[in-house]
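Just so it is clear, none of the values below were taken in a lab; they were calculated from the coordinates. What you are looking at is a predicted structure, and each value in this text was computed from that prediction instead of being measured. Quick reminder, even Gly has a Cβ in these numbers, built from the backbone with ideal geometry, and neighbours come from all protein chains shown.
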Amino acid sequence: MKKRIISALFFIGLAVVAAEASAVRPTRIIHDVISVEGTEREYIELGYDNSGRLVSFRDYIDGPTPFVIYDQRLTWGAGSVTIIGAGGISDETVTVTLGTNGYADRAVAQSEWGQSHVDFTYGSDNRLSSIKGMDYSVVLEYADGNLVKANDLMAEINGEDFSMWYDYDSTSKPCRAHDIPMFHVGYGLDAIYYAGLLGESSQLLPSKIGSPELQQWFPVVYTFDGAGNMSSLAIDNLRWDDDGNFESDRFQFEYGAQSGIEDIGVMDSSVAVTCDGREITVNGKGVDSMVIVFDSMGRRVHIGRGNNFTLPSGGVYFVTVEGRTFKILV
């Protein structure tokens, strides 16, 4: 229970530093959880359409026992976003209703286990002020445009309400929207967060986080690349594992072109390739023309005469058709 409380509240608290829909955002995030038992590596792969909107979200554990946590597709409509695919332990459909501010107002999830919903509220500055589900409730507080406290009204430590605090000092960096997202939002709301639908960002990145109940503060260490994008984030001794040992978190952020397609062929033709997340469409080719796709390791992952196909996962691929080659990043 301790581990769930700390990790969930921490992730929700920093999640309000949300990415704007038009900003440059990571295409992949590598998350290492480091403990006395070793390192567990998690990958988050994000796909965008040509308008910069999130259209695919994939979260999985790699290693000896791979495990897919989420594999979802997002469809944007007028005043709503529909998320379909594997979420948690079953397939589900999540309908996100957007408020007049353009941010998530309510999310309704339907799966074989039934229906559940989550409501979001915002302050006058359009920063997320509360998340309320059917079995949890989190309230967020701000000062000078920065998140300072997250209260989990359903969690306790030693009989006391649990809260996570965020501190800013002279070393705090300005929070540019394209530096974020940073963390899982938790409670199965990850795709909504990474889509930039949870309110305006804080003005600064917190220099440390902590809790009066834990009587500890944890410094947050950032690095940035030459373009000013966040390239890594680290927090030591953040959480307890199941045996009571502390775990540390390391995040590495990778960025790529939003369109995801680069023509590297040498022959002139009318063929064009477009991608929508992992869904690939080839236009202008002959009916009998073969489409062959290789991954970055040179392994063939697709061959066929059809115009539409789905790539197995995010990454770099090479699509060859009618003597022309396209490099794709999804």
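Round to the nearest 0.05 the FRET efficiency obtained for K149 and T281 when R0 = 45 Å and r is the Cβ-Cβ distance.
Numbers: r = 47 Å, r/R0 = 1.04.
Working from the Cβ atoms, E equals 0.45.
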Discussion item. What distance in nm lies between label points placed 7 Å from Cα along the C-beta direction at Y255 and S124?
Written reply: 3.5 nm
Worksheet entry | Centroid-to-centroid separation of region 194-234 and region 316-330 [C-alpha atoms, Å] | 36 Å
Item to complete: Give me the number: length gained by fully extending R300 to F67, i.e. 0.36 nm times residue separation minus the C-alpha to C-alpha distance, one decimal in nm.
Response: 81.6 nm
Item to complete: Describe numerically, in nm with one decimal, the distance between label points set 7 Å from Cα along Cα→Cβ at M134 and at T97.
Response: 1.7 nm
Worksheet item: Which residues' amide hydrogens lie under 5 Å from the amide hydrogen of L205, considering only partners 5 or more residues apart or on another chain, with H built in the peptide plane?
Response: K173, C175
